[in-house]
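No lab work stands behind these numbers, since they all come straight from the coordinates. Model, not experiment: these values are computed from the prediction. Reconstructed Cβ throughout: ideal geometry from the backbone, glycine too, with neighbour counts over all protein chains shown.
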Amino acid sequence: MSATHMTDILGWGSSLILLATLMRQVYTQWRTRATEGLSKWLFIGQCTASTGYIVYSFLLHNWVYVSSNVAILLTALVGEGLFIRNRRHAARQRRESSDARRLAPTR
């Protein structure tokens, strides 16, 4: 096996591990609808960095990192969408709870 082939295997393996980790986080966020501890800046930074890495990797003709960063960018976009959805859902629940307390009969 050539050194180039081994290098590509290392790159693909590392990219898969990172992508699996990010996808697990997005799945957990989708399943729990939680927004605590998450910052919108995480997703903005991830999208910005991934876009920069895509361009950089493309200019270097490094297809391992082009494809990996496209997948990571898509994961960030899904994560941002879930973050917005979950935040809206939490705000709606707070409003409904507040309305229910306000409309409840008093003793």
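Structural remarks
- Test item: Cα-centred dipole of the chain, Lys/Arg +1 and Asp/Glu -1 on Cβ, debye: 1000
- For the chain, the longest principal axis of the C-alpha atoms and the axis of helix 3-32 are separated by about 10°.
- Residue-span extension gain [Lys40 to Val55] - 0.36 nm each, minus C-alpha spacing: 3.1 nm
- Between helix 40-59 and the chain there is an angle of about 20 degrees, using the helix long axis and the longest principal axis of the Cα atoms.
- Cα centroid of region 74-102 to Cα centroid of region 1-35, whole Å: 27
- C-alpha long axis of helix 63-103 to longest principal axis of the chain, angle in °: 0
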